[in-house]
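These notes concern the structure reproduced below.
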Amino acid sequence: MSAFPQSWKSTVSHWQATNRGRDALWSHGSSEPLPGIVVDYAIIGAGIAGSSLAYQLTRPGAAGEGKTVVCLEAKDLASGATGRNGGHVAPASFGMFPTLTTPLSAGGSGLTNDEALAVLENELDTLNYAQEIIEKEGLAVDFWKGHKLEAKVSREGVESARRAHKAYTTARANSEKFRGTDSAWEFLDDPDVSQKLSRIPSALAINRGPAGSCHPHKLATELMKLALSSTSSNFSFYSWCPVKSITRDDAEATWSLDCHGRGIVRAKVVILCTNAHTRHLFSEDERTTGIARHITPFRGHAALITPTLPYTGRRTISHSYALEAGPYLMTTPSSGIVMGVYNATALSAGIARKKDIFEAIDDSIVLPSFEKWLSEYCEKAFGGWREEAHGEGLTRVWTGIMAGSRDHLPLIGSVPNKEGLYAAVAFHGHGMARILTCTRALALQLLHGPSYWDERLPRSFEITEKRLQRARQEAPEIITKEEMEQVELVEAMGKSTLNGGLRADVVPTSV
Ligand SMILES: Cc1cc2nc3c(=O)[nH]c(=O)nc-3n(C[C@H](O)[C@H](O)[C@H](O)COP(=O)(O)OP(=O)(O)OC[C@H]3O[C@@H](n4cnc5c(N)ncnc54)[C@H](O)[C@@H]3O)c2cc1C
C-alpha cells in the first residue's frame with residue numbers, strides 16, 4: 001500500500017534536476033497554516049492532474065469562480081509520476097486499437113469499435129489542447145510537436161501492425177462518426193523507408209503519427225502558478241501536506257481531510273488526483289470493490305542519454321520513438337534524449353520480474369538490470385551511434401510510480417455513492433496524452449453537477465459501478481498472487497549504486 005509520508009528518498013529525474021530555480025514552487029506553502037474555514041474544493045495531489053485541474057477550476061467562469069480552492073500535495077509539486085516521466089505527449093496509434101477492442105476477459109478494454117476510436121481520438125485532442133494552452137498562456141515548457149515513429153523490428157511485430165492497421169481503418173470506414181474523416185496515422189510497410197527515416201538498421205515497418213513532448217515538471221509548475229495568480233478564485237497550494245484519510249460528515253455535507261501533523265482541512269468537494277497512491281484513502285472494504293481495486297501501482301524506469309556526435313546538433317533525432325522490444329524516447333531541446341522502458345520490453349528482455357514492476361511503490365531505487373539495458377540500448381539500436389566518450393550515453397536514471405487500470409482506461413468524474421467526491425486517476429502510464437482533456441472535462445462536471453458529461457471525453461472514462469464491477473469480475477488481475485510471491489530481481493541483485501539517480505562515474509559524487 002502506498003501511503004504518505006514515505007520512508008525513502010526518491011531518485012531525482014532529469015526534469016526535477018532542471019527546474020530547481022527560485023520560481024519553481026519547491027516547498028511552496030509547506031510552512032503556511034492550513035485554512036481554518038470550510039473550503040469549496042480540495043484537490044489532493046499536485047501532479048499534472050492536480051495542477052491542470054487547479055488551473056481549470058480557477059479560470060473566470062469556472063466552478064471555482066468566487067470560491068476557495070486548495071491543492072494539498074504530500075511532497076513537492078510533480079514529485080510523483082509527472083516529474084519523473086518520459087516527457088512524451090504522444091497519442092497512441094492504431095497499434096492500440098486491438099487492445100481497446102479485445103474483451104476484458106482476454107486482457108483488453110472490451111470497448112466497441114466506435115468507443116475505441118473515440119479513445120484514440122481523445123489522445124490527439126489532448127496533444128492539440130496541450131499546444132493550445134501552452135501557446136495561449138505563453139508557457140516556457142520546451143513544447144515540441146512533430147511525429148512519433150513506432151518502429152517494428154520483427155516479422156511478428158510487422159504482421160501485428162498490419163492487422164491492427166486493417167482493423168482500425170475498417171472500423172473508421174464503418175463508423176458513422178469517423179467515416180470520411182482523415183486518419184492522423186500512416187503505416188509505412190517498407191524496410192528501406194523505415195530504416196532511413198528512423199536511423200534504425202533493424203526497422204522493418206513504421207506506424208507514423210503526430211506526437212509532442214514537453215518538460216513535464218515545468219508544465220505542472222506553470223499551470224500551478226497560473227492557478228496561484230488567479231483573480232477569480234481564492235486559490236492556495238500546500239506542498240508537504242500528505243492527506244492521511246478523508247472522512248465524510250453527512251450532517252455538515254463536508255469532508256474532513258486529516259493532514260497528519262498539519263491539521264484538518266474541511267471541504268465541500270474533494271477531488272482525488274492521487275493516481276498510483278489512491279487506494280489508502282479508501283477503507284479496507286472499499287479496497288476490494290471500488291475504484292481502489294481498479295488501480296494497481298507500478299514502477300517505471302527512465303533515463304537521460306547524452307547523444308554521441310553523430311546524433312548531435314543538426315543530426316539530432318528529429319522524431320520521437322516507440323520501439324518494438326525497445327524503449328520510448330523523445331529529444332529535449334538541449335539536454336539530450338529521455339528514454340523510458342516499456343513493461344513488456346522489461347519483462348521480455350528479462351531485466352525485471354512482474355513483481356519488480358507491479359505493486360512496486362518505491363521510487364528511491366533503480367534496478368541495475370534496467371540501468372545496464374538503458375546504457376547499452378542506443379549503441380545497439382541506432383546506426384552509427386559510435387563509441388561513447390566519457391560523459392556521453394547514460395547520464396541519469398530514475399524511477400517513478402504509475403497507476404495501472406484494470407481496463408487500461410482512466411477513471412474520471414464523480415465517485416459512485418460518495419457525495420462530493422470526484423477523481424481523475426488511473427492513467428495507465430499514459431497520462432501526458434490524456435490528462436489535460438480529462439481535467440478540462442472534470443472541471444465542467446464540477447461546474448454543472450455530477451450527472452454532466454463533457455461529450456468530447458470518451459464515455460468509457462466515466463466511473464460507474466457497472467464499469468468497476470465488470471472489470472473486477474471479467475478482467476484478469478494485473479499481477480496474480482503467485483506472481484506476487486516471486487523474489488524480486490531487486491532483492492536478488494541488490495540496489496543500484498547510483499547516487500540519487502545520477503551516475504557516479506559521469507558526475508563525481510562530491511559535486
Ligand atoms: C518512468 C515514467 C515514464 C513515463 N513516461 C510517460 C510518457 O512519456 N508519456 C506519458 O503520457 N506518460 C508517461 N508516464 C506516465 C505519466 O507520468 C502519468 O500518467 C502522469 O504523470 C500521472 O499524473 P498524475 O497527476 O495523475 O499523477 P502523479 O504525477 O503521480 O501525481 C499524483 C500526486 O499525488 C500526490 N499524492 C498522492 N497521494 C496523496 C495524499 N494522500 N496526500 C497528498 N498528496 C498525495 C503524490 O505525491 C503525487 O505528487 C510515465 C511515468 C513514469 C513513472
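The values are calculated or read from the model by the stated rules, or taken from the named source; none is laboratory data. Quick caveat: nothing in here was measured; it's all calculated off a predicted structure. Cβ coordinates were reconstructed from backbone atoms using ideal geometry, including for glycine residues, and neighbour counts include every protein chain displayed. These accessible areas exclude ligands, DNA and RNA; they are computed on the full protein's heavy atoms, side chains included. Shrake-Rupley method; radii C 1.70, N 1.55, O 1.52, S 1.80 Å.
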Problem - Flag for Gly108 being surrounded by fewer than 19 Cβ atoms within 10 Å (Cβ to Cβ) and under 24 Å from Glu150 (Cα atoms) - result: yes
Handout entry: Ser318 part of a loop (DSSP other than H, G, I, E, B), open to solvent by 30 Å² or more (accessible area, probe 1.4 Å) and closer than 30 Å to Lys152 by Cα
Key = yes
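For (1) of a type in the set (D, E, K, R); (2) within 28 Å of Ser30 (Cα to Cα), each residue gets a yes or a no:
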{"site": "His260", "(1), (2)": "no, yes"}
{"site": "His277", "(1), (2)": "no, yes"}
{"site": "Asp285", "(1), (2)": "yes, no"}
{"site": "Arg293", "(1), (2)": "yes, no"}
{"site": "Thr296", "(1), (2)": "no, no"}
{"site": "Arg299", "(1), (2)": "yes, yes"}
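Given the options Ile246, Ile271, Ile206, name the one that is over 30 Å from Ile337 (Cβ atoms), in contact with an Asp or Glu (Cβ under 9 Å, 6 or more places away or on another chain) and of a type outside the set (S, T, N, Q). First the steps, then the outcome.
Values: Ile271 fails: in contact with an Asp or Glu (Cβ under 9 Å, 6 or more places away or on another chain); Ile206 fails: over 30 Å from Ile337 (Cβ atoms).
Exactly one residue qualifies, and that residue is Ile246.
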Exercise for the section: Please enumerate the residues belonging to region 5-38 that are crowded, with 24+ Cβ neighbours inside 10 Å and over 30 Å from Arg396 (Cα atoms). Expected result: none
Exercise for the section: Tally the residues that are over 28 Å from the mean Cα position of the chain (by Cα) and in contact (Cβ under 8 Å) with a residue 60 or more places away in the chain, restricting the search to region 196-230. Expected result: 2
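For every residue, the table says whether it meets (1) assigned to a strand (DSSP E or B); (2) under 28 Å from Trp15 (Cβ atoms); (3) open to solvent by 60 Å² or more (accessible area, probe 1.4 Å).
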position	(1), (2), (3)
Tyr168	no, no, no
Gly180	no, no, yes
Asp192	no, no, yes
Arg208	yes, yes, no
Gly212	yes, yes, no
Handout entry: Conditions (1) part of a helix (DSSP H, G or I); (2) touching a strand residue (DSSP E or B) at 6+ places or on another chain (Cβ under 7 Å); (3) over 17 Å from Ile271 (Cβ atoms); (4) within 12 Å of the ligand (Cβ to nearest atom); number of the one not met by Ala54
Key = (3)
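If I filter region 126-156 down to residues being acidic (Asp, Glu) and buried (at least 19 other Cβ atoms within 10 Å of the Cβ), which single residue comes out as nearest to Arg440 (Cα to Cα)?
Pass one, region 126-156, residues acidic (Asp, Glu): 132, 135, 137, 142, 150, 156.
Remaining after also requiring buried (at least 19 other Cβ atoms within 10 Å of the Cβ): 142, 150.
Numbers: Asp142: 22, Glu150: 29 Å.
Selected residue: Asp142.
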Practice task
Please identify the pairs in which a residue from region 64-81 that is on the phi < 0 side of the Ramachandran plot and open to solvent by 10 Å² or more (accessible area, probe 1.4 Å) has its Cβ atom under 6 Å from the Cβ atom of a residue that is within 6 Å of the ligand (Cβ to nearest atom) and assigned to a strand (DSSP E or B), counting only partners at least 6 apart or on another chain.
Solution key: Ala81/Gly400; Ala81/Met402
Handout entry: Those residues of region 363-401 which are part of a strand (DSSP E or B) and open to solvent by 10 Å² or more (accessible area, probe 1.4 Å), in sequence order
Key = His390, Glu392, Thr395, Arg396
Completion exercise
Filter region 263-309 for residues that are in contact with a Ser or Thr (Cβ under 9 Å, 6 or more places away or on another chain) and among the charged types (D, E, K, R); the one that is farthest from the ligand (Cβ to nearest atom) is Lys268
Completion exercise
Within region 322-339, residues closer than 20 Å to Gly400 by Cα and either within 9 Å of the ligand (Cβ to nearest atom) or not in a loop (DSSP other than H, G, I, E, B) (or both) come out as Ala322, Pro327, Tyr328, Leu329, Met330, Thr331, Ile337, Val338, Met339
Practice task
Could you run through region 341-362 and say how many residues are over 24 Å from Ala17 (Cβ atoms), hydroxyl-bearing (Ser, Thr, Tyr) and open to solvent by 50 Å² or more (accessible area, probe 1.4 Å)?
Solution key: 1
